[in-house]
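Just so it is clear, none of the values below were taken in a lab; they were calculated from the coordinates. Bear in mind the structure is a predicted one, so any value in this text is a computation, not a measurement. All Cβ positions, even for glycine, are placed from backbone atoms using ideal geometry, and neighbour counts span all protein chains on display.
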Amino acid sequence: MKQLLPLSPRALSLVLLLIPAALTWGQQPEPSLDNLEQQAFKHAVAVASPSIVRIETIGGLEKVGQLLLGDGPTSGVVVSADGYILSSAFNFVRQPTSILVTTPSGKRAAAKIVARDHSRMLVLLKVNSQESFPVVPLAPREELQVGQWAIAIGRTLSPETANVSVGIISATNRIWGKAIQTDSKISPVNYGGALVDIEGRATGILVPLSPHGQSSELAGTEWYDSGIGFAIPISDLLPHLEKMKQGTDLHAGLLGVTLKGTDIYADPPEIAAVQPKSPAYEAGLQAGDRIIQIAGSTVVRHAQLKHALGPHYAGDQITIVYRRGEDQTEVQATLTDKLEPYEHPFLGVLPMRDSEPVTVRFVYPGSPAEAGGIQPGDRITRLNDEPAVSAEDLRVRIANLEIASEVTIEVLRSGAMHKLTITLGTFPSEIPASLPPSRGSPPAGEATVTGKVEIKLPEEKNSCDAYLPENYRDAIPHGLLVWLHEPGTNEFDKLITAWKATCERDNLLLLGPRSADPDKWDPTEVDVVRAMIDEAIRSYNIDPARIVIQGRSAGGAIGYLTAFTHRDIIRGIIPIDVAVPRRTTLKPNDPVERLSIFSIIPAQSKIKPGIEARLKQLEQMKYPVHKVETANAQGRLDAAGQQQLVRWIDSLDKI
Amino acid sequence: MAAPRTRRTDHRSWMRLGICCALVAGFSIPVPAADLASVTLKVQPKMVKVYGAGGLQGLESYQSGFLVSADGHILTVWSYVLDTDFITTILNDGRRFQAELVGADPRLEIAILKIDAENLDFFDRSQDVELDVSSRVLAFSNLFGVATGDEATSVLHGVVSAKTMLDARRGVFKTPYRGPAYVLDAITNNPGAAGGALTDHQGQLAGILGKELRNSLTNTWLNYSIPIAQLNPAIDDILAGKSRPRTDDETAMRPDRPHTLSSLGLVMVPDVLAKTPPYIDAIRRESAAEKNGLRPDDLVLFVGDRLVPSCEALRNELGFIDQIDEIRLVIQRGDELLDITLPGLKNANP
């Protein structure tokens, strides 16, 4: 080969072999995606953390409920340069006497709570300082995507630097539209701090939240650092920030409708009742209307309506489109923060239980019905020009009318039609002294099961007794008295002896679910009681208007819990020597799901003041409450008292 | 007749090889950084699974550790798991060794074990790193004891959440360690994870995983690691022979009249375990112990520079100190470590 190059071929080959080594000598490894992400995390934290402030509280309660609270510093997010800070209500649940915020220069300044958002459990603080606070940059809510980086920043662990947790957005629109869900570790270490994106822009304020709708400041705190955490989108609050700065609290917006059906994921949003004087009422909505669109969303199920309304506050104006018959109408409604307690309008009659449409069994003395001229034996055919289909239909329609409004009732009496004008009143406080029988003809049909039977559910260990009177026939709807025994006792046989005659006369069944542990009831057994009642409804003919629960002391406490949890089927509760338990959320009185209370209080009861205080609360919420005191320490009624109780149960289906 | 291999042909094949290498090199530059899979493969051989005392009343009998020397020194946490003469360790490849407690520093809550092996993979502490907030980390440990036999320890990932002092207020953190710590955004606060290794995403050692600890300021569990830089001086000391318990083969002169527990007025808890931790049960009134500030429930950690991991070791150690000499003790009371000196007897009994 000709020598073209200055090097010999062998030397040239060696040089060529060495080229790769030469080129890579001293070269840095290319930054990996891993490293680039780490740099991005650090940068995002650097951008956002000056706007996350340290809050210290002094004084206040040590323990709230069962939770012993830490008293370390907490975090807040700057939303306004003049010193307005948003933080989680959790940080202030101890009601501290002093609140101190560390300012940008590192000094501590006093701050006070200016307003609260009760819907999202946030507080707005104003810091007493002349310094200018760096406002957190915001990420637009529309840009939020599930799976994107989400960095949780707090200022609790170290005075100088923020503490950080890196995760992703797990879901948007949780808790009925109110929150973003993340898997970054959210805990008291960063409640009140910010959730930011990879650019350091804030998406939300970190809070503890419970998906189960509990609305205390502590709900959800047991889920800290567990892979599920929530942040409230700041963009939801911005339109209301000025209002909050003025000191106005924000509340969840209420509409005032009760929807038909019990399955929120299947049933369509059809109105069962509209509360008088509510936003829905003012907008002209009525029972029977089907809501098609609300607050900008098309809705075909209850759950969607809840989702659409969830984020809204009281004072928000929303658009509702509804269908009534063939017509579709669009209206505006302004949501309110509090609905007036619902009081049942009253006509004044008891219906016969063996004829439809409604035959009047009894007219209450002094009632609007009496004043209007209705008489026992009358057949009510029309209410306000619409046919009266059944007792239940009449009850629901009257529930939707206003007290003191006028109604026209058509009755058939001895072949003649009478048109009456009646002004609706309110429920009487007295139970009638005597009542005529509720059925005309004696029961027909074959005798089926009677006497004491056992009800067993395969999946529950609880056992349950039932008693059917000798004259029980499947054709006749029977009321149901559910007896929840006191722990350690089982007096079902005594109950049968005491109530036998009444069961036969008034068509009542007795049910006696037993606790799994004979010595105590567990609050979770509320669902077992419901399952037993459902089984009774499946097996026998039960009148839905007369399902009541009776219980003494601990049995009565479970009775209250069951009644308030299962409003859809329980119509009455007879608590003996027990107050409404503390942990029961008192829901507002419902037009359609009636719950009446017959409270028996032994005169010497040690908890009498407590019982009466809670009953007073129920009365203020316009629940129909009847109180009886007994001389007997067990709360056993005397003969007259027992008869009164029987008549109370017998008149639960009053219209 | 075969053509002789000429120099020309020889050069041509070298040239081809050279050109190919140059071309290949052209396409392979730049050098990619290591991915997490290869990083973990690099770290796992250094991890150790430690088994010892415990297994009762919800206290697990296992924890984690890692090799810090080629001939088998293992760094782990100082805990009840080591309160036994039979500490078993299992390496990444499944080899099982009995380990000896070489020394401990209860202030830092660390201990060094030694196994009889050589040429092991270990963390070279001259290569360790310091991290800042948001640095990505890997945590290697045998949390929940889920790795058995020759299974590798578990790896978690996360970031450094904060760097803070664990010295906040008394009683906030139930640990005698008062120095800087990395608070981690990874759930390392789990049974068996203590003693594990915290590394960056390149597998460089950054710290040791701490024991289960609760932050009473926020009433939450704390995931933390002690930076290796805080531990290096103590590790070096232990490897050099300090903070060790006395071993049987060390010969030292025993004085004729040494101190004894009863001469000091100390009654220790009943010595019923293989290695009963030396807690003081009772103190005799008017004794030297009472007069110098010792109290029941104190735990004796060191006599002089000697670690005394058991009642027996304490008794033994006292036997090397003459009655007339003072005794310097380091004790643990709650989560504080205290230095207490007991004076020697002024007039020695003849």
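Considered as an equivalent ellipsoid built on the Cα gyration tensor, the stretch A:488-600 has semi-axes of 20, 18, 14 Å, the largest given first. About the centre of its Cα atoms, the stretch A:259-334 shows a dipole size close to 140 debye [charges on the beta carbon of Lys, Arg (+1) and Asp, Glu (-1) only; nearest 20 debye]. Pairs from the table (B:LYS114/B:LYS275; A:LYS245/A:LYS616; A:LYS306/A:LYS456; A:LYS42/A:LYS245; B:LYS114/B:LYS163; B:LYS275/B:LYS346) lying more than 29 angstrom apart at Cα are A:LYS245/A:LYS616; A:LYS306/A:LYS456; A:LYS42/A:LYS245; B:LYS114/B:LYS163; B:LYS275/B:LYS346. From zero outward in steps of 5 Å, how is the percent of C-alpha pairs of the stretch A:46-245 spread across the bins? Per 5 Å bin, starting at 0, the Cα pair percentages come out as 1, 8, 18, 23, 22, 16, 8, 2, 0. Please report the spacing between the Cα centers of the stretch B:115-163 and the stretch A:555-615 in Å, no decimals. With the stretch B:115-163 and the stretch A:555-615 each reduced to a Cα centre, they are spaced 58 Å.
Averaging 1/r over every pair of different alpha carbons in chain B and inverting the result gives a Kirkwood radius of 22.8 Å.
Dividing the convex hull volume of the alpha carbon atoms of the stretch A:92-167 by its residue count gives 151 Å³ per residue.
Based on the Kirkwood approach, the hydrodynamic radius assigned to the stretch B:261-342 is 12.6 Å, with every pair of different Cα atoms included.
With N counted as the residues of the stretch B:176-296, its alpha-carbon radius of gyration over 2.2 N^0.38 Å works out to 1.50. Note on A:LYS461: lysines with a C-alpha under 19 Å away, same-chain residues under 8 apart excluded, are A:LYS520.
Evaluating 6.51 cos²θ - 1.76 cosθ + 1.60 at θ = phi - 60° for every residue in the stretch B:85-99, the Karplus couplings come out as 7, 10, 9, 9, 10, 10, 7, 4, 8, x, 5, 10, 9, 7, 10 Hz, glycine and proline recorded as x.
Candidates A:THR221, A:ILE380, A:HIS418 compared by Cα position along the dipole of chain A: farthest toward the positive end lies A:THR221, with charges placed on Cβ. For the stretch A:345-426, taking the reciprocal of the average inverse distance between every pair of different Cα atoms yields a Kirkwood hydrodynamic radius of 12.3 Å.
For chain A, the direction-averaged projected area of the alpha-carbon convex hull comes to 46.1 nm². Computed over neighbours whose Cβ is under 14 Å from that of A:LYS654, the net charge equals +1, Lys and Arg +1, Asp and Glu -1.
Relative to the dominant Cα principal axis of chain A, helix A:608-620 is inclined by about 80°. Each DSSP beta bridge with both residues in chain A is either parallel or antiparallel, and the antiparallel ones are about 80%.
In vacuum, with every alpha carbon of the stretch A:259-334 counted as one equal point scatterer, what does the Debye formula give for log10 I(q)/I(0) at q = 0.19 Å⁻¹? Two decimals, please. One equal scatterer on each Cα of the stretch A:259-334 leads to -0.76. Other protein chain C-beta atoms within 10 Å of residue C-beta, averaged over A:33-42: 4. Under the simplified labelling scheme, the A:GLN317-B:ASP150 pair shows an inter-label distance of 7.7 nm, with each label point 7 Å from Cα along Cα→Cβ.
Sorting check: for B:68-80, A:381-393, which peptide has the highest mean count of neighbouring beta carbons within 10 Å, and how do the rest follow? Write out the running numbers ahead of the final one.
Values: B:68-80: 21.3, A:381-393: 15.2.
Highest to lowest by the protection proxy: B:68-80, A:381-393.
In this structure, the amide hydrogen of A:LEU250, modeled 1.01 Å from its nitrogen in the peptide plane, lies closer than 5 angstrom to those of A:ARG116, A:ASP117, A:HIS118, counting only residues at least 5 positions away or on a different chain. Placing pseudo-labels 7 Å out from each Cα toward the beta carbon at A:GLU370 and A:ALA266 gives an inter-label distance of 4.6 nm.
Mean per-residue shielding of peptide A:154-160 is 5, counting Cβ atoms of other chains within 10 Å of each Cβ.
Ordering of A:165-174, B:117-126, A:470-479 by packing is A:165-174, A:470-479, B:117-126, highest average first (other Cβ atoms within 10 Å, averaged per residue).
Relative to the globular-protein estimate of 2.2 N^0.38 Å, the Cα radius of gyration of the stretch A:532-575 stands at 1.14. Seen from a random direction on average, the alpha-carbon convex hull of the stretch B:68-147 projects onto 6.9 square nanometres.
Amide H to amide H distances under 5 Å link A:ARG201 with no residue, where only residues 5 or more positions off or on other chains count and H is placed in the peptide plane.
The alpha-carbon atoms of the stretch A:451-650, seen along their principal axes, cover 42, 37, 37 angstrom, with the largest extent given first. Shielding by partners for peptide B:186-192, expressed as the average number of C-beta atoms from other protein chains within 10 Å of each residue's C-beta, is 1. Based on C-alpha pairs under 8 angstrom that are at least 6 apart in sequence, chain B has a relative contact order of 13 percent. Just to be sure I understand the curve: with the Debye formula and one point per C-alpha of the stretch A:210-300, what is log10 I(q)/I(0) at q = 0.19, 0.20 Å⁻¹? The calculated log intensity ratios at q = 0.19, 0.20 Å⁻¹ are -1.11, -1.12.
Working from Cα pairs under 8 Å separated by at least six residues, relative contact order for chain A is 8 percent. All alpha carbon pair distances within the stretch B:242-285 were sorted into 5 Å bins beginning at 0; the resulting P(r) in whole percents reads 5, 15, 16, 21, 24, 16, 3, 0.
Amide H contacts under 5 Å for A:LYS452: A:LEU468, restricted to partners 5 or more places along the chain or on a different chain, H placed in the peptide plane at 1.01 Å from N. Over every Cα atom in the stretch B:40-240, the radius of gyration and the widest Cα-Cα span, Dmax, amount to 15.3, 46 Å. Between B:VAL267 and A:GLU131, the simple label model (points 7 Å from Cα in the Cβ direction) yields a spacing of 5.9 nm.
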